[in-house]
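A.B. asks: My questions will all concern the structure given below.
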Amino acid sequence: MRDMLGREDLIPVEKARALLFQYAPFKRPPEIYLPIEESFRMITSRDIFSPENLPSFSRSTVDGYAVSSADTFGATESFPAYLNIRSEILMGEKPDFILKRGEVARIATGGMLPEGADAVVMLEHSHQVDQKMLEAVKPVFPGENVIQAGEDARKDECILKRGHRLRPQDIGALAGLGIIKVGVYAKPKVSVISTGDEIVPADKPVAPGQVRDINSYTLTGLISDIGGTPLRKGIFRDTYDMIREVVEDSLKDSEMILVSGGSSVGAKDMTEKVINEMGAPGVLFHGVSLRPGKPMIGGVVDGIPVFGLPGHPAAVSVCFDIFIRPVLSIISGSNEERFEGMKRTIKAKMSRNVSSSPGREDHIGVILEERDGELWAVPILGKSGLITTLTKADGTAVIPLKKLGIHEGELVEVRLF
């Protein structure tokens, strides 16, 4: 956007994000039920409660002997406790006896403790004198080497909260509780629209003045990485009617729309106009104090976020991490921190002086190197239109809005890819 004198009206990154988040939680995808083996990385749509105690019985965590712990108190190598071997507990079976004081029963890891036992003496801390007698050379306290019934999960206990991204260990726990289907949010659909008279498909030869479509492939990978479903709508010329039509159609089948290209100020810039005409509240910002990514557009149309991304590939990746990733996380139903993508940061020393313009937040692609036990950030200096700038980088070093640059050896925050 420009003011009355034609100057660019740029807003800080934090203000732009705040404008977006005031319209959260946005339109959310429907709830579906999936087999647990198909639910990895999906977001739970409701709290999940344990239908039973886990484990349902007290079991041994070691190979050894089930025992009443009181019978071992004071046992040492010099003065062992002598105990009678009652029986052996077979795996997968419930003991059919009650263990009396002064008795032990041989048990394997995972075996069920018999009634009367409250601990297990490890094999390493015992010696079998004969078929009927055992020496215990170390005492055990009540509950030692035992997982108690319900210690893992109690019946009716909430084991997974709504909005939790399912991990392999979560799926294993659900299987252990006999839960084989789980309610989750469907993956949010994100329409990816490439615009520009100079853009041609990646499998086509390029004529002078043309470039292959890069951004839709980059965005497809970024969307999939965070758990969304990308819908590549194709390449469209910079005409108002074409852009309006594809955006209007995308509003019917998507939870988010990304328009790549068409965000730089110029005669063919239609994206802002289309967003404003599609619904309320329309464009929230156009132009951010950010490099690369200054011409970024952010808007909301009837609960659906619509972004106009710069055409340069490096700017697309930076803007995705700052604006789109946290919004998509909210749309997915995740209860993770809004800026979870921003938490992947480390500190490193800058390897050379890097200048920056005042009033702009700069993101510089860097390679990380270890030198004498310290982490250094080596800047990859290049224009935002260069394709391989971020391919070579491990992340981006951030020069804050009010700094004029970074000195060699100064610590910087590096946001990892």
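A.B. asks: Mind checking which residues of the range 114-141 are in contact with a helix residue (DSSP H, G or I) (Cβ under 8 Å, 6 or more places away or on another chain), closer than 15 Å to Ala75 by Cα and either at pLDDT below 95 or open to solvent by less than 80 Å² (accessible area, probe 1.4 Å) (or both)?
C.D. replies: Ala119, Val121, Ala136, Val137, Pro139, Val140
A.B. asks: Name the single residue that is nearest to Leu328 (Cα to Cα) among those in the range 168-184 being open to solvent by 50 Å² or more (accessible area, probe 1.4 Å) and in contact (Cβ under 8 Å) with a residue 24 or more places away in the chain.
C.D. replies: My answer is Pro168.
A.B. asks: Can you tell me which residue in the range 185-216 is farthest from Asp249 (Cα to Cα), limited to those that are open to solvent by 50 Å² or more (accessible area, probe 1.4 Å) and modelled with pLDDT of 95 or more?
C.D. replies: That would be Lys187.
A.B. asks: Still on this structure, please answer the following. If you check every pair at least six apart or on different chains, which have Cβ atoms under 7 Å apart with a residue in the range 337-362 that is within 21 Å of Cys319 (Cα to Cα) and modelled with pLDDT under 80 first and a residue that is open to solvent by less than 60 Å² (accessible area, probe 1.4 Å) and acidic (Asp, Glu) second?
C.D. replies: Going by the 7 Å Cβ cut-off, the qualifying pairs are Gly341/Asp321.
A.B. asks: Take the range 273-282 and flag every residue that is closer than 16 Å to Leu19 by Cβ and buried (at least 20 other Cβ atoms within 10 Å of the Cβ).
C.D. replies: Ile275
A.B. asks: Same structure again: Does any residue of the range 18-39 turn out to be charged (D, E, K, R), assigned to a loop (DSSP other than H, G, I, E, B) and closer than 30 Å to Ile257 by Cα?
C.D. replies: Yes, some residue in the range 18-39 is charged (D, E, K, R), assigned to a loop (DSSP other than H, G, I, E, B) and closer than 30 Å to Ile257 by Cα.
A.B. asks: Within the range 142-167, track down each residue that is at positive phi and open to solvent by 40 Å² or more (accessible area, probe 1.4 Å).
C.D. replies: Selection gives Asp156 alone.
A.B. asks: Out of the residues in the range 40-61 that are outside any loop (DSSP other than H, G, I, E, B) and open to solvent by 30 Å² or more (accessible area, probe 1.4 Å), which is nearest to Met296 (Cα to Cα)?
C.D. replies: Top of the filtered list is Phe49.
A.B. asks: Right, another one. All but one of (1) open to solvent by 10 Å² or more (accessible area, probe 1.4 Å); (2) at pLDDT 90 or above; (3) at negative phi; (4) of a type outside the set (Phe, Trp, Tyr) hold for Ile257; state the number of the condition that does not hold.
C.D. replies: So the condition that Ile257 fails would be (1).
A.B. asks: A follow-up question, please. Going by the structure shown, is Ile159 more than 20 Å from Cys319 (Cβ to Cβ), touching a residue at least 12 places away in the same chain (Cβ under 8 Å) and in a strand (DSSP E or B)?
C.D. replies: yes
A.B. asks: Has the range 62-69 got at least one residue that is crowded, with 20+ Cβ neighbours inside 10 Å, of a type outside the set (Ser, Thr, Tyr) and in a loop (DSSP other than H, G, I, E, B)?
C.D. replies: No, the range 62-69 has no match at all.
A.B. asks: Taking Ser289, is it surrounded by fewer than 24 Cβ atoms within 10 Å (Cβ to Cβ), at pLDDT below 95 and either touching a Pro at 6+ places or on another chain (Cβ under 6 Å) or acidic (Asp, Glu) (or both)?
C.D. replies: For Ser289, the condition - surrounded by fewer than 24 Cβ atoms within 10 Å (Cβ to Cβ), at pLDDT below 95 and either touching a Pro at 6+ places or on another chain (Cβ under 6 Å) or acidic (Asp, Glu) (or both) - is met.
A.B. asks: Any residue at all in the range 303-313 that is at pLDDT below 90, out of contact with any strand residue (DSSP E or B) (no Cβ under 9 Å at 6 or more places or on another chain) and either over 15 Å from Leu222 (Cβ atoms) or open to solvent by 10 Å² or more (accessible area, probe 1.4 Å) (or both)?
C.D. replies: yes
A.B. asks: Across the range 71-113, which residue is nearest to Asn145 (Cα to Cα) among those that are touching a residue at least 12 places away in the same chain (Cβ under 8 Å), open to solvent by 20 Å² or more (accessible area, probe 1.4 Å) and of a type in the set (S, T, N, Q)?
C.D. replies: Thr109
The values are calculated or read from the model by the stated rules, or taken from the named source; none is laboratory data. Not measured: the values here are computed from a predicted model. Cβ atoms come from the backbone with ideal geometry, glycine included; neighbour counts cover every protein chain shown. These area figures cover heavy atoms from the full protein model, side chains too; ligands, DNA and RNA do not enter into them. Shrake-Rupley method; radii C 1.70, N 1.55, O 1.52, S 1.80 Å.
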